[in-house]
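Participant: Pasting a structure below so you can have a look.
The values are calculated or read from the model by the stated rules, or taken from the named source; none is laboratory data. Keep in mind that what you see is a predicted model, and the values were worked out from it rather than measured. Cβ coordinates were reconstructed from backbone atoms using ideal geometry, including for glycine residues, and neighbour counts include every protein chain displayed. Ligands, DNA and RNA are excluded from the accessible area calculation, which covers all protein heavy atoms including side chains. Shrake-Rupley method; radii C 1.70, N 1.55, O 1.52, S 1.80 Å.
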Amino acid sequence: MRIIEPSDAREFRKYYDLRWRILRAPWNQPRGSERDAQDGHSTHLMLVGRGGKALAVGRLHFNTIREAQIRYMAVEAPHQRSGLGSRLLGALEDRARALGAAVVVLDARETALGFYRKHGYNVRGSGHMLFNSIAHVRMIKRIGGSGERGS
Ligand SMILES: CC(C)(COP(=O)(O)OP(=O)(O)OC[C@H]1O[C@@H](n2cnc3c(N)ncnc32)[C@H](O)[C@@H]1OP(=O)(O)O)[C@@H](O)C(=O)NCCC(=O)NCCS
C-alpha cells in the first residue's frame, strides 16, 4: 500500500471514481458532480493497494497563503475504519505544511466529526449544507508555527 499523486488519465479515473462512489452516488448525484473548479489547481493524493486499486482519496488546496483546505476525503467502503483515512489525512497535512500552511480547515460531514476530532481538528462554526440533507461543520487545525492569518 502506498500513497501516490495521480498523474495520468488512468489514475485520475480511479481517483474520481472513488470520490464519486463514496461521496456522491449514495445521494443519486451524477458522475461529474464529484468535481469542482478548484480540482485543476489542487494537490490530489490517493492511497493505492495491490494492482494500483484506489483505496482512499483526498484533496488539498489553498484559500490563502497560510490557510490550506482539505476536501473530498473518501475511503473505499470495505476498508473504512482500518486506518487508511488517517494515513491519507496525515499525508495531506504533511503536504500542506511543506507548502507553507499554518492552518488546515475543512468542512466535515457531521457523521465524520469524530474522525477529524481524533486528529486534532476543532469546530469553528457551521459549514455548508449539501443536497439539502448533509450538514457540514467547519473545523480547523493549526499545523504550523506562524498562526492563522486572513487575507
Ligand atoms: C470519514 C473517513 C474518511 C475516515 O477514514 P477511515 O479510514 O474510515 O478512518 P480511520 O480508520 O483512519 O479512523 C481513525 C479514527 O477515527 C475514528 N473514526 C473513523 N470514522 C469515524 C466516524 N465517521 N465517526 C467517528 N469516528 C470515526 C476511528 O474509529 C478511528 O479511531 P481509533 O483510532 O480510536 O480506532 C471514511 O470513513 C470515509 O470515507 N467515510 C465516508 C465518506 C466521508 O464521510 N468522508 C468525509 C467527508 S467530510
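Participant: Can you list which of the trypsin sites (Lys or Arg not before Pro) found in region 15-55 are DSSP loop residues with at most 14 other C-beta atoms within 10 Å?
Facilitator: Filter output for region 15-55: 31, 35, 53.
Participant: What lysines does residue 53 reach when the alpha-carbon gap must be under 26 Å and sequence neighbours fewer than 8 apart in one chain are set aside?
Facilitator: Cross-link targets: 14.
Participant: Pick out which of 14, 118, 141 has the largest mean-square fluctuation in a Gaussian network model of the chain, springs linking Cα atoms closer than 10 Å.
Facilitator: Checking each option, the largest mean-square fluctuation is seen for 118.
Participant: What list of ³J(HN,Hα) values in whole Hz, one per residue of region 28-44 in order, does the Karplus curve 6.51 cos²θ - 1.76 cosθ + 1.60 (θ = phi - 60°) give from phi, with Gly and Pro shown as x?
Facilitator: 6, 8, x, 4, x, 6, 7, 10, 9, 5, 7, 4, x, 10, 10, 9, 10
Participant: Considering only C-alpha atoms, what is the centroid distance from region 70-141 to region 1-19, in Å?
Facilitator: So the separation of the two Cα centres works out to 19 Å.
Participant: Please give the charge dipole size of region 47-144, origin at the Cα centre, charges +1 on K and R Cβ atoms and -1 on D and E Cβ atoms. Round to the nearest 20 debye.
Facilitator: 180
Participant: So what's the angle, to the nearest 10 degrees on a 0 to 90 scale, between helix 9-23 and the longest Cα principal axis of the chain?
Facilitator: Helix 9-23 sits at roughly 70 degrees to that axis.
Participant: Of 42, 82, which has the most accessible area with a 1.4 Å probe, and how do the rest follow in descending order?
Facilitator: Most to least solvent-accessible, the answer reads 82, 42.
Participant: Rounding to the nearest 10 and keeping the result within 0 to 90°, find how far the Cα-based axis of helix 84-98 lies from the longest principal axis of the chain.
Facilitator: 50
Participant: Using a 10 angstrom cutoff on alpha carbons, build the Gaussian network for the chain and name the most mobile of 56, 25, 68.
Facilitator: Judging by the Gaussian network model, the answer is 25.
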